[in-house]
1. Report, largest value first, the span of the C-alpha coordinates of the stretch 140-250 along each principal axis, in whole Å.
2. In debye to the nearest 20, how big a dipole does the chain give about its Cα centre with +1 on each Lys and Arg Cβ and -1 on each Asp and Glu Cβ?
3. As an exercise, take the mean of 1/r over every pair of distinct alpha carbons in the stretch 829-883, invert it, and state the Kirkwood radius in angstroms.
4. Two decimals, Cα atoms only, Kirkwood Rh: what is Rg/Rh over the stretch 637-684?
5. Is there a quick way to get the dipole size of the stretch 66-186? I mean about its Cα centre, with the Cβ of Lys and Arg at +1 and of Asp and Glu at -1; what is the value in debye to the nearest 20?
6. Starting from the Kirkwood radius over alpha-carbon pairs of the stretch 327-384, derive D by Stokes-Einstein at 25 °C in a medium of 0.890 mPa s and give it in µm² s⁻¹.
7. Compute the FRET efficiency between Trp84 and Gln415 as 1/(1 + (r/R0)^6), taking r as their Cβ-Cβ distance and R0 = 22 Å, and round to the nearest 0.05.
8. Determine the calculated [θ] at 222 nm for the chain from helices alone, applying -39500 (n - 2.57) to every DSSP H run no shorter than 4 residues and normalising by the residue count; nearest 500 deg cm²/dmol.
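The values are calculated or read from the model by the stated rules, or taken from the named source; none is laboratory data. These figures come from a predicted structure and were not determined experimentally. Note that we place each Cβ from the backbone using ideal geometry, even for glycine, and neighbour counts take in every protein chain shown. Please note that ligands, DNA and RNA were not included when accessible areas were found on the heavy atoms of the full protein model with its side chains. Shrake-Rupley method; radii C 1.70, N 1.55, O 1.52, S 1.80 Å.
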Amino acid sequence: MSKNLAAVTNEQLSQGRVKSTCPYCGVGCGVELSKTDTGVLVMGDKTHPANFGKLCIKGKNLGKTLDNDNRLSTPTINGHSQSWPRALDYVASEFNRTIEQHGKDSVAFYVSGQLLTEDYYVANKLMKGFIGSGNIDTNSRLCMSSAVAAHKQVFGEDIVPLSYSDITNSDVIVLAGSNLAWCHPVIYQRIREEKERRPSVKIVVIDPRATASLELADLHLPIKPGGDLILFNSLLDFMAQRGLLDLTLPGIDDAINAAQDSRRLLPEIGVEPELLEQFFKLFSDSDKVVTMFSQGINQSSQGTKQVSAILNCHVASGKIGKQGCGPFSITGQPNAMGGREVGALSNTLASHIEFEDSQLLQPLSEFWQTDTLATKPGLKAVELFAAIKRGKIKAVWIMATNPMVSLPDHEATRQALEACSLVVVSDCVASNDTLDYANVILPAQGWGEKSGTVTNSERRISRQRSFLQPYGEAKADWWIICEVAKRMGFAKQFSYQSPADIFREHAALSGLENNGSRGFDISQFKQISAAQYQRWLPVQWPQPSGRSRRLNDQVFFSDNQYYHVNKQPLIKANHHQAKGLDSRLFVLNTGRNRDQWHTQTRSGKAATLTNHQPEPVVEINREDGARLGIIDGGLAKLSAQGQALIARVKLSAQQLPSSVFMPIHWSLSNSNQGCVSKLVTPVFDPTSGQPAFKHSQVAIEYWPANSNGMLVVRESLKQELCTYQIEQRIAGGYCYYLASEQSPQQLLQQLSKFIGDYYGEITVANDDKGQYFRQHYFNQGQLEAGIFTATIMQNLPQGWVSNFYLMNNDNTAKRSLLSSDVDALQQQKTFCQCLNIAVGDIKEAITSGELDIAKIRKKTGAGGGCGSCISDIALLIADNADSHQENAREICYDEIK
Ligand code: SF4
């Protein structure tokens, strides 16, 4: 149990403000950092074109994640600390030995959208240029590789043609498979502002779930899971019948034939014909339509076809290449795009050069000064780990990612890592589910320490700048990779002195024999000086050498020039393939919560972020819950492929029948039950290799806990105390959510003994309150721990407990502590984190008949800070206004007049 050490700021921050980029989602918001007496202040960068000063709740709380808790400080080999030279020698010699004995395809790198572009570049160069294998893949495979594959098919290159300004210049905004309000909040707020300015802008949400993104929707198509291809194919056919398509485009006839087949299946997708008609007319009749799509489209066994169908609709109807319209893939991670630029997906060679670009192979070999260039694509993420499990790959280096949690089929990943002779992990955290299987652990620098570039969803390259001293012996990823490369025998080609050196080479490579043949070209920066790199302003590509630089709003395909040989787009025929579903099972959809990020290694440190949803919650349709005997707030057991987990239940009329949703943020490191990848089947799109995280099938049953409990302690526990145990970081300590087969009294006794053993001499305050039992532990007047047990979770003061350690000197709070009014305590849970407005205030406004979001905001003040919670008011209305259901629906699904 380590005490937190405050991160130490570096000279740059001491001398003034530092501009950098948020490390979470693909919006790529600019941040400005300044030093305060107590730490680091994080503000939105008003000059950054991605966010113009705005930040969501995650970005706003970045300053609270900068402690050095759970950080790696030194390299280790088989659990023993080593010097850097020794660890690097070991990794290099083991990789060389494995290659010598088993061939170059017996090794692999599995990298991450959290890496900076410079890190990505040298990792890709080492594997594909010098080891000579294609076996480098990235966790971005899991979130946007279907978009990459479809871009290549239709456009001829992986190009996102739009800018954020196109969204606000459009008349119709379609959100397909994207809960933008939670997953890309700053862009959603930009849409809100535009909608307030121009109420005529129509917003369509296509999603099986009624998410927070419905707040702004004029039209919601609650499509059945897997229905998106049928929908967009049908839209293509609708436009074909109205004579709205360019019938001269290559592939258009076959695509329309496939679309007609799909249209016959339209009644199966579960959307009322009138709503479909409204959507088709809106899309067809407007010149300015932006379709934003994300994981709901990409993470499917036919994800590439689904994206391709969206691109077809835009390209064939001419809704592309002009300001305010086009298909917009919104990326999940901060630098998934940087990985795509350098070619770090296993089926791309380098810098938007494909393995099939035979005329470029020799120039690339000469550029990199190598004669061992990889000649064929490597294995994609799921295949790669399957090959590790089979023993085909014997050494893997995992960089800045946690595949034990993020890949499908947790158990298969565990078996793969256990079977692998050499697992090297470079990461900035000291513990996560993957590190348990590492032979070699290399401490990498985290956000704030490292320095380089990232590219956001709109192709904008920004700097991440260092403002903290590296913790312990942590090193930059690019440095670690280059040091291993040098020791493997490639010193000459990996002798970079700085990220700027690498960036110059990356820029130069993008211009290699390019002359407009590849859209990705930033060769203008191939001779950028160190000072210019340091002063870098956010800029969108392309930026070819010899042309004047444009900072903002570049529009691709305005000249109708695509990147196939004939310069035309290729309209793909996308035939729907029905997936047989077992009607006895539920479709499991996985995704993100509003305030968390990936496996919580950073966002889980900020108590203000853990409060929104402290437990992994499975959302189940109310009628399904009633049929299965599952109660709201109770627990359910979900099982698939021989694995099972237990999750807290939220029954909701907003969840489609026969489908459930669970978040991705819990792992074995912070829960013993919540790791949803246990249930995700390793089914993937055959073209992109992207796993179908939205469409696993699971069995669900009631899990009969006899007691629920909360244990509040100062420090993180390593012990498993109950069958169900979830850790939440709270201000000053941790809260454990527990459920057990024991009675509440027995659970109280068990926890009481545990606390007594742990703290030794301590004062105990017992107070049985009928609804629940509790004990509080004081040491010299200081509140040290608390135990709360009850039959059901609703009888525990769950919402309030995050303030447990904040009330030490607060007499009012202490009196509140001794109150038995659980309901009142629960209502104190914070709803608006920025302005500290309680959920009870919002509910009171709803109960008093305020069913209008604007009025509730005015009355309570909620949403006046970062705005992340505004959309959640709509969800609260829907959940709490049973007697006003119709009104709530009006707010959510107001039909288009
Ligand atoms: Fe960070 Fe994304 Fe929030 Fe912007 S929208 S502050 S990039 S998490």
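1. 40, 37, 30
2. The dipole of the chain has a size of about 1440 debye.
3. Result for the stretch 829-883 stands at 10.7 Å.
4. My calculation of the ratio gives 0.97.
5. I would put it at about 340 debye.
6. The calculation lands on 192 µm²/s.
7. Result of the calculation: an efficiency of 0.10.
8. -8500 deg cm²/dmol
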